[in-house]
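**Student:** Please see the structure below; I have some questions.
The values are calculated or read from the model by the stated rules, or taken from the named source; none is laboratory data. Note that the coordinates shown come from a computational prediction; the quantities given were computed from them, not determined experimentally. Positions of Cβ are backbone-derived with ideal geometry, glycine not excepted, and every protein chain shown enters the neighbour counts. All accessible areas refer to the heavy atoms of the entire protein, side chains included, with ligands and DNA or RNA removed. Shrake-Rupley method; radii C 1.70, N 1.55, O 1.52, S 1.80 Å.
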Amino acid sequence: MKASLFKITFGTPEAFVPTRFAPPSRVPVKEIDAAAVPEIAFSVSRRGCKLVLPLTAATQLYGFGLQLRSFKHRGNKITCRVNADPRSTSGDSHAPVPFFVTNEGWAMYVDTARNAVFQCGSDRNTGMVLQAESAESKVMNSTDELYAARTSATSVLTVEIPVAEGVEVYFIKGDTVGDMVAAYNMLSGGGCMPPMWGLGNFYRCCGQFNEEQVMAIADGFRSLKLPCDILGLEPGWHTHSYSCSYVWSERFPHHKEMLEKLTAQGFKINLWEHAFAHPAAPIHDALIPYSGDYLVWNGLVPDFSLPEAVNIFADYHKKLCAEGITGFKLDECDGSDLTGGWSFPDCAMFPSGMDGEQYHHLFGTLYSKTIKQALGSNRILSEVRNLGALAASYPFVLYSDLYQFEDFLTGTVNAGFSGLLWAPELRHAENKDDLIRRLQLVAFSAQSLVNAWYLDKMPWLELDATDEVREILETRMRFLPYLYTAFYDYYTTGKPPVRALVCDYPAAGEVKDQFLFGDLVVAPIAPGKTGRDVWLPEGEWYGFFDGKRYEGGLHHVETDGVPLYVKAGTLLPIAEPVPYIAPDTVFDITLRAFGDCAEATCRLIEDDGLTDGTDYRVLTLRRGETVASKRYRILP
Ligand code: GAL
């Protein structure tokens, strides 16, 4: 690894912090005495504690979790506060993370479950008389010029941690942004490894559907030849859903038979829920002593930091899995300051001793851990609407009720900075163009999700877009073995499968609307636009779809498709699309060469595709050579 990690303890840290619940670090961490770093000022007051660090005029900061409204944070005041549907650059997020990475070879993780505030660049009054840079007045011609002089040599980063009297801080030093992000992910226990089917296409059915309607959707996917691996059921499968009973409603009188039929058709089934247990839930009474002192929608909020609560919840979910369920979507586990105030307050108390503020930061992560326990060694890729620090190893993807294309693209670019995965899901569409552009982004994200929870028809049927949709869903399947390999790298080295260009290319510090998918550059076109400007890193590139050669730098592209670029010298394993992934699926692979590939190799991962304990085999492929494999047939 091209990064090193250091831990410094300031004051007396709190008991309930993310490291307490995270898997062990997979990289060494060196402890350093706070006295050895005098440039970091630490103090405690009645407000909590505070760290002040110097910034240079050029320090840029990326990260802070799932930020849907901003990319670069220099100058921002980021409050790491858990909230559904964030509206500004304030830091509020479904999944705020007190971790950022800079463009200057250092990154910082603050181990707290508090609403920490990062003031990313303020000038201090040092008591010194500052020289005016020039006595002459200067005419400003643009707002950029007007604000350019706002940062100076006295700039600092201030981190305020409410309540706490101390905190552990992890510093990462590394060559590139990507190296430091990978190191943070390895500190988190490594990236998650989904099952192969988890990377296929996922459709969430309308919440009011009954079993015939779900079966009709399943038949529709197969008869229309639209590849689909996973179907999700939304609230209506429960007898009570706000809060949840976790009991099948009368809409599904033969749910076991339905699950058997769907499984035989190659579908995996995912159930929507939240963790607020309704009085009618079979686990309600057992959870009473292990839940917080506030109810949400009349449901208990289990304290998943307690093994008793985890065991009750996980054991019940094991029974659902035994009937054929392969994943769960945990909704509403974020916060609600911006969306109606429905969650538990920050002053809530949980039996472990944690308060509501801390539990908001840990809720989604502890739930994910609980569901992992229910699934045993079976791998999943599921959904959750809140995660926090050190969550990279949990195979859960974040989503939002927001729906602006730009926010969804920003999330796709940003999530990988902080060990998170993000689904820019398709729901309804204004028109065919809106549908296609959104789905193009979906297909090149960590989870290819159509969330039709309020739509009684597949959203493309009335827009006469089924053929175009098929092509996009098949494209996802063509890249599936490649993406699976990228996830294996995430798992073993911490390198995120989907990430901002600046992770790999320092010159891409301003590129906020393109991202890397594996090592390919994706530059999605927004709905309503026919083209866009694309920035490519220095060197020679090829358009995947147009086959054209491009030089690094800016160019303009017009296309109905998604601009996708491959670096010269890349051998890319492309699969023939399959309708879904079965345990014995064999992919027909074509090795596509971009530029001079005489010496080039590429990799594919062979394993059972399903379980944690599997043996992974890394296949190295070259042009003109075959390889013995049960999973891949390399076409000449
Ligand atoms: C929302 C969630 C949606 C959908 C809906 C069902 O909170 O974000 O994806 O699941 O609930 O009621």
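**Student:** What pairs can you find where one residue is in the range 343-367 and over 22 Å from L390 (Cα atoms), the other is open to solvent by less than 20 Å² (accessible area, probe 1.4 Å) and of a type in the set (S, T, N, Q), and their Cβ atoms are less than 7 Å apart, with a gap of 6+ or different chains?
**Tutor:** Matching pairs, first to second residue: S343/S336.
**Student:** Within the range 324-339, is there a residue that is within 24 Å of E425 (Cα to Cα), part of a strand (DSSP E or B) and open to solvent by 10 Å² or more (accessible area, probe 1.4 Å)?
**Tutor:** Step one: list which residues in the range 324-339 are within 24 Å of E425 (Cα to Cα), which gives 325-339.
When the remaining residues are screened for being part of a strand (DSSP E or B), the result is 325-330.
With the extra rule that they be open to solvent by 10 Å² or more (accessible area, probe 1.4 Å), the set shrinks to 326.
Yes: one or more hits.
**Student:** Mind checking which residues of the range 180-196 are of a type in the set (G, A, S), open to solvent by less than 10 Å² (accessible area, probe 1.4 Å) and more than 12 Å from T493 (Cβ to Cβ)?
**Tutor:** S188
**Student:** Considering only the range 303-310, I want to know if a residue exists there that is assigned to a loop (DSSP other than H, G, I, E, B), open to solvent by 10 Å² or more (accessible area, probe 1.4 Å), on the phi < 0 side of the Ramachandran plot and among the β-branched types (V, I, T). Step through it out loud before you land on a result.
**Tutor:** Filtering the range 303-310 for residues assigned to a loop (DSSP other than H, G, I, E, B) gives 303-306.
Remaining after also requiring open to solvent by 10 Å² or more (accessible area, probe 1.4 Å): 305-306.
Applying the additional criterion that residues be on the phi < 0 side of the Ramachandran plot yields 305-306.
Adding the requirement that they be among the β-branched types (V, I, T) leaves none.
There is no residue in the range 303-310 that is assigned to a loop (DSSP other than H, G, I, E, B), open to solvent by 10 Å² or more (accessible area, probe 1.4 Å), on the phi < 0 side of the Ramachandran plot and among the β-branched types (V, I, T).
**Student:** Test L455 against the criterion of being of a type outside the set (F, W, Y) and either under 17 Å from F517 (Cα atoms) or in contact (Cβ under 8 Å) with a residue 40 or more places away in the chain (or both), and give yes or no. Break it down stepwise before answering.
**Tutor:** Details: of a type outside the set (F, W, Y): yes; either under 17 Å from F517 (Cα atoms) or in contact (Cβ under 8 Å) with a residue 40 or more places away in the chain (or both): yes.
Against the criterion (of a type outside the set (F, W, Y) and either under 17 Å from F517 (Cα atoms) or in contact (Cβ under 8 Å) with a residue 40 or more places away in the chain (or both)), L455 qualifies.
**Student:** Let me ask something else. Give the range 2-58 a look and list any residue that's out of contact with any Phe, Trp or Tyr (no Cβ under 8 Å at 6 or more places or on another chain) and at positive phi, or say none.
**Tutor:** Answer for the range 2-58, where residues must be out of contact with any Phe, Trp or Tyr (no Cβ under 8 Å at 6 or more places or on another chain) and at positive phi: just G48.
**Student:** Across the range 355-411, which residue is farthest from the ligand (Cβ to nearest atom) among those that are open to solvent by 10 Å² or more (accessible area, probe 1.4 Å) and among the acidic types (D, E)?
**Tutor:** D355
**Student:** Specify the residue that is farthest from the ligand (Cβ to nearest atom); the eligible residues are those in the range 412-447 that are among the charged types (D, E, K, R) and surrounded by 24 or more Cβ atoms within 10 Å (Cβ to Cβ). Spell out the reasoning first.
**Tutor:** Within the range 412-447, the subset among the charged types (D, E, K, R) is 425, 427, 430, 432-434, 437-438.
With the extra rule that they be surrounded by 24 or more Cβ atoms within 10 Å (Cβ to Cβ), the set shrinks to 425, 438.
Values: E425: 8, R438: 15 Å.
Only one residue fits best here, namely R438.
**Student:** Hey, another quick one. Residues being closer than 22 Å to F444 by Cα, within 16 Å of the ligand (Cβ to nearest atom) and either open to solvent by 50 Å² or more (accessible area, probe 1.4 Å) or in contact (Cβ under 8 Å) with a residue 40 or more places away in the chain (or both): count how many of those fall in the range 197-251.
**Tutor:** Qualifying residue count, the range 197-251: 6.
**Student:** Here's something else I'd like to know. Any residue in the range 552-562 that is crowded, with 19+ Cβ neighbours inside 10 Å and assigned to a strand (DSSP E or B)? Give the steps one after another, and end with the answer.
**Tutor:** If we filter the range 552-562 for residues that are crowded, with 19+ Cβ neighbours inside 10 Å, which is where we start, we get 562.
Adding the requirement that they be assigned to a strand (DSSP E or B) leaves none.
Looking for residues that are crowded, with 19+ Cβ neighbours inside 10 Å and assigned to a strand (DSSP E or B), one finds none in the range 552-562, hence no.
**Student:** Let me ask something additional. Find all pairs meeting these conditions: Cβ atoms under 9 angstrom apart; at least six residues apart or on different chains; first residue within the range 311-329 and among the aromatic types (F, W, Y); second residue open to solvent by 60 Å² or more (accessible area, probe 1.4 Å) and away from the ligand (no atom under 16 Å from the Cβ).
**Tutor:** Taking only residues 6 or more apart or on different chains, the pairs are F313/Q373; Y316/P282.
**Student:** A further question on this structure: Inspect the range 613-623 for any residue being among the aromatic types (F, W, Y), touching a helix residue (DSSP H, G or I) at 6+ places or on another chain (Cβ under 8 Å), open to solvent by 40 Å² or more (accessible area, probe 1.4 Å) and in a loop (DSSP other than H, G, I, E, B) and give the result as yes or no. Steps first, answer last, please.
**Tutor:** Going through the range 613-623, the residues among the aromatic types (F, W, Y) turn out to be 616.
In the following step, the residues that additionally are touching a helix residue (DSSP H, G or I) at 6+ places or on another chain (Cβ under 8 Å) were identified as 616.
From the residues that got through so far, the ones that are open to solvent by 40 Å² or more (accessible area, probe 1.4 Å) too are 616.
This time we only want the ones that are in a loop (DSSP other than H, G, I, E, B), so: 616.
So far as the range 613-623 goes, yes, one or more of its residues are among the aromatic types (F, W, Y), touching a helix residue (DSSP H, G or I) at 6+ places or on another chain (Cβ under 8 Å), open to solvent by 40 Å² or more (accessible area, probe 1.4 Å) and in a loop (DSSP other than H, G, I, E, B).
**Student:** Just a yes or no: is a residue in the range 408-420 under 20 Å from the mean Cα position of the chain (by Cα) and assigned to a loop (DSSP other than H, G, I, E, B)? Don't jump to the end; show me each part of the working.
**Tutor:** Going through the range 408-420, the residues under 20 Å from the mean Cα position of the chain (by Cα) turn out to be 408-420.
Applying the additional criterion that residues be assigned to a loop (DSSP other than H, G, I, E, B) yields 419-420.
Scanning the range 408-420 turns up at least one residue that is under 20 Å from the mean Cα position of the chain (by Cα) and assigned to a loop (DSSP other than H, G, I, E, B).
**Student:** What tally of residues in the range 458-508 results from selecting those that are outside any helix (DSSP H, G or I), open to solvent by 10 Å² or more (accessible area, probe 1.4 Å) and under 25 Å from P537 (Cα atoms)?
**Tutor:** 4
**Student:** Residue by residue through the range 583-612, note down the ones that are open to solvent by 40 Å² or more (accessible area, probe 1.4 Å), among the hydrophobic types (A, V, I, L, M, F, W, C) and under 26 Å from the mean Cα position of the chain (by Cα).
**Tutor:** Listed by number, the list holds a single entry, L610.
**Student:** If you don't mind, another one. Hey, could you check the range 72-84 for residues that are within 18 Å of the chain's Cα centre (by Cα) and open to solvent by 30 Å² or more (accessible area, probe 1.4 Å) and say which is nearest to T112 (Cα to Cα)? Working first, answer last.
**Tutor:** At the first step, the residues of the range 72-84 found to be within 18 Å of the chain's Cα centre (by Cα) are 72, 80-84.
Restricting the remaining residues to those that are open to solvent by 30 Å² or more (accessible area, probe 1.4 Å) gives 72, 81.
Values: K72: 22, R81: 12 Å.
Here the answer is R81.
**Student:** Have a look at R87, R69 and point out the one that is modelled with pLDDT of 95 or more, surrounded by fewer than 22 Cβ atoms within 10 Å (Cβ to Cβ) and of a type outside the set (G, A, S). Reasoning before the result, please.
**Tutor:** Details: R87 fails: modelled with pLDDT of 95 or more.
Result of the check over R87, R69: R69.
**Student:** May I pose another question? For the structure I just gave you, tell me whether C321 is of a type in the set (A, V, I, L, M, F, W, C), closer than 25 Å to L449 by Cβ, at pLDDT 95 or above and not in a loop (DSSP other than H, G, I, E, B).
**Tutor:** Numbers: of a type in the set (A, V, I, L, M, F, W, C): yes; closer than 25 Å to L449 by Cβ: yes; at pLDDT 95 or above: yes; not in a loop (DSSP other than H, G, I, E, B): yes.
Yes: the conditions hold for C321.
**Student:** Can you tell me which residue in the range 263-284 is least open to solvent (accessible area, probe 1.4 Å), limited to those that are more than 28 Å from the chain's Cα centre (by Cα) and within 21 Å of L224 (Cα to Cα)?
**Tutor:** So in the range 263-284, the residues more than 28 Å from the chain's Cα centre (by Cα) come out as 264-265, 278-284.
In the following step, the residues that additionally are within 21 Å of L224 (Cα to Cα) were identified as 264-265.
Working: A264: 86, Q265: 46 Å².
So, considering only residues that are more than 28 Å from the chain's Cα centre (by Cα) and within 21 Å of L224 (Cα to Cα), the one least open to solvent (accessible area, probe 1.4 Å) is Q265.
**Student:** With the range 4-118 as the region, which strands (runs of 3 or more DSSP E) entirely inside it contain at least 2 residues that are under 28 Å from C192 (Cα atoms) and among the β-branched types (V, I, T)? So that I can check it myself, show each step before the final result.
**Tutor:** On the way: elements: 29-32, 41-45, 48-54, 61-65, 77-79, 96-102, 106-110.
Once the strands (runs of 3 or more DSSP E) in the range 4-118 are filtered for at least 2 residues that are under 28 Å from C192 (Cα atoms) and among the β-branched types (V, I, T), what remains is 77-79, 96-102.
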